[in-house]
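All remarks here apply to the structure that follows.
Read-outs: derived from the displayed coordinates by stated rules, not from any lab. Just so it is clear, the model here is predicted, and its values are computed rather than measured. All Cβ positions, even for glycine, are placed from backbone atoms using ideal geometry, and neighbour counts span all protein chains on display.
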Amino acid sequence: MDVEQLVTAFITAALPIFLISASLYVVRLIKGPTIPDMILAVDCLSYDVSLFMALLAIYFRSPFLIVGAISLALWAYALDLYAAKWMEGRELGE
Amino acid sequence: MEQLILLAGMALVAIGVFCDLVGSIGLLRFPNFFVRLHAATVGTIGGAAYPLLGAALMAAACDFLGSARWFVAAGSILTAVIIILTAPAGSHALARGAHRMGVPVEPKVCDLLEEDRGGRR
């Protein structure tokens, strides 16, 4: 088995398990009794999707998918900070 | 040598798959928000940052991607470093905001932060 077949088979085996855990995060996102629970679920989901895009960039042989992964990781951090600021003071700056 | 790098990358991604599943089950099953933060750490650092380093190693060993494999590897390493630096800071800010907001801590053994602030959030 050469490298290309091995990598493709490995990613094909790994992606369904990532999909299962992503769907469990979505269950928490919908159930989430409080707002911070939902924010936490969205965080985990977006970090998951950024890993997903890195693996898909190898799987589909299209390297430009990785650009989206970087901005997703940064977006999750911005969401954290804005949500925390809103929860503390009920305002997002003057 | 390239096969060794490929195997190391695959091992990191496999560990990440396991950690991600454990983190998502913990996020679903744990009783309150502050305990769920612990499961979320397993899901982000163990389930996203380390597998991204593994994906970088895998991409560096993939000859069939041509010279674009270095682009994928560098992007994966950059994303992993961003997650390692920002995920702890973000979750600390979120925990502070949630405690100030009055998110219930149930079941509670002791809440020293609430006692320090004189019983108010």
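Data for the structure
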quantity: Charge dipole (debye, nearest 20) of the protein assembly as shown; +1 at Cβ of Lys and Arg, -1 at Cβ of Asp and Glu; calculated: 440 debye
quantity: Rh by Kirkwood over Cα pairs, then Stokes-Einstein D for the protein assembly as shown at 0.692 mPa s and 37 °C, µm²/s; calculated: 183 µm²/s
quantity: Rg and Dmax of region A:1-71, Cα atoms only, in Å; calculated: 14.6, 50
quantity: Kirkwood hydrodynamic radius over Cα pairs of region B:80-121, then Stokes diffusion coefficient at 20 °C and 1.002 mPa s, in µm²/s; calculated: 181 µm²/s
quantity: Efficiency of FRET between B:Val81 and B:Ala8 - r from beta-carbon atoms, R0 25 angstrom, step 0.05; calculated: 0.85
quantity: Point-to-point label distance, B:His92-A:Glu91, nm (Cα→Cβ direction, 7 Å offset); calculated: 2.6 nm
quantity: Whole-percent pair-distance distribution, where bins are 10 Å wide, for the alpha carbons of region B:2-116; calculated: 14, 33, 26, 16, 8, 3, 0
quantity: Taking A:Asp37, B:Asp20, A:Asp48 and counting other C-beta atoms within 10 Å, the order from fewest to most; calculated: A:Asp37, A:Asp48, B:Asp20
quantity: Cα centroid of region B:32-82 to Cα centroid of region A:15-94, whole Å; calculated: 14 Å
quantity: Choice from B:Arg29, B:Arg69, B:Arg96 showing the highest fluctuation, given a GNM over chain B with Cα pairs closer than 10 Å; calculated: B:Arg96
quantity: Chain B: angle of helix B:50-61 to the longest principal axis, Cα-based, in degrees nearest 10; calculated: 10 degrees
quantity: Mean ellipticity per residue at 222 nm, deg cm²/dmol - from DSSP H runs of n ≥ 4 across chain A, formula -39500 (n - 2.57); calculated: -29500 deg cm²/dmol
quantity: Residues with amide H under 5 Å from that of B:Cys62, placed H, sequence gap 5 or more; calculated: none
